[in-house]
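Read through the structure below, which is laid out as structure tokens, and then see the notes.
The values are calculated or read from the model by the stated rules, or taken from the named source; none is laboratory data. Since this is a predicted model, take the numbers as computed values, not measurements. Quick reminder, even Gly has a Cβ in these numbers, built from the backbone with ideal geometry, and neighbours come from all protein chains shown.
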Amino acid sequence: MAAGVMYPTMQDANGWGEQVSETRGMFMGTPEIYFAKRIDNSRVVRMVDPKRRREMKSFGVTLAVFFLLVMVYLLQHLSAIEYGYRIEQAKAEQSSIVESNRELKLEESSLKDLERIDIEARKLGMIPPVAGQVQIIESGNGDNAGPVMAKANPNGIMVVSIQQ
């Protein structure tokens with residue numbers, strides 16, 4: 001049974017009654033014929049080859065192990081990159097904290113400046129103490145290493161040492 005398409009020849013085209021030009025695209029080569037052949041594979045049985053099956057199993061296991069090793073390597077590599085980013089972020093944070101600490105120490109030293117405190121006190125209407133208003137209390141660095149307490153009396157300030 002032949003099925004397919006046969007292309008006409010120039011002699012067949014002359015019999016059609018009209019002029020067929022070369023530019024019209026008439027194919028005048030070898031005609032193509034297709035034959036349809038039905039193949040029945042219902043009786044074909046696949047033979048099991050134990051050697052081939054063993055080779056395929058070992059190939060599959062090898063491929064799985066290789067895939068697992070590649071995945072472990074990628075996991076380690078990506079976690080190393082992630083830790084690198086974390087370290088850089090921590091370093092940046094540390095440098096900003098160090099800079100902030102330096103600024104706070106400068107501010108503390110400027111706030112502890114006695115001249116600035118004196119100027120601010122005068123702005124608030126405070127005056128320096130007059131002579132005799134200040135009494136210096138000795139620290140407990142001498143023989144009496146005990147605590148020292150000051151007590152206000154109507155006569156003035158009295159220092160009381162507590163000895164145990």
- prompt: Taking only pairs six or more apart or across chains, which ones have beta-carbon atoms under 6 Å, a first residue in the range 120-136 that is under 26 Å from ASN153 (Cα atoms), and a second residue that is of a type in the set (A, V, I, L, M)?
  reply: GLN135/ILE157
message: Can you tell me which of (1) among the polar types (S, T, N, Q); (2) exposed (fewer than 10 other Cβ atoms within 10 Å of the Cβ); (3) modelled with pLDDT of 90 or more is the one GLN19 doesn't meet?
response: (3)
statement: Residue hits (the range 98-132; part of a helix (DSSP H, G or I), more than 52 Å from the chain's Cα centre (by Cα) and either on the phi > 0 side of the Ramachandran plot or surrounded by 10 or more Cβ atoms within 10 Å (Cβ to Cβ) (or both)) are ASP118, ILE119, ALA121, ARG122
- prompt: If you take the residues of the range 85-118 that are modelled with pLDDT under 95 and basic (Lys, Arg), which of them is farthest from PRO129 (Cα to Cα)?
  reply: LYS112
task: State all residues of the range 47-85 that are in a helix (DSSP H, G or I), charged (D, E, K, R) and surrounded by 10 or more Cβ atoms within 10 Å (Cβ to Cβ); if no residue qualifies, say none.
output: ARG52, ARG53, ARG54, GLU55, LYS57, GLU82
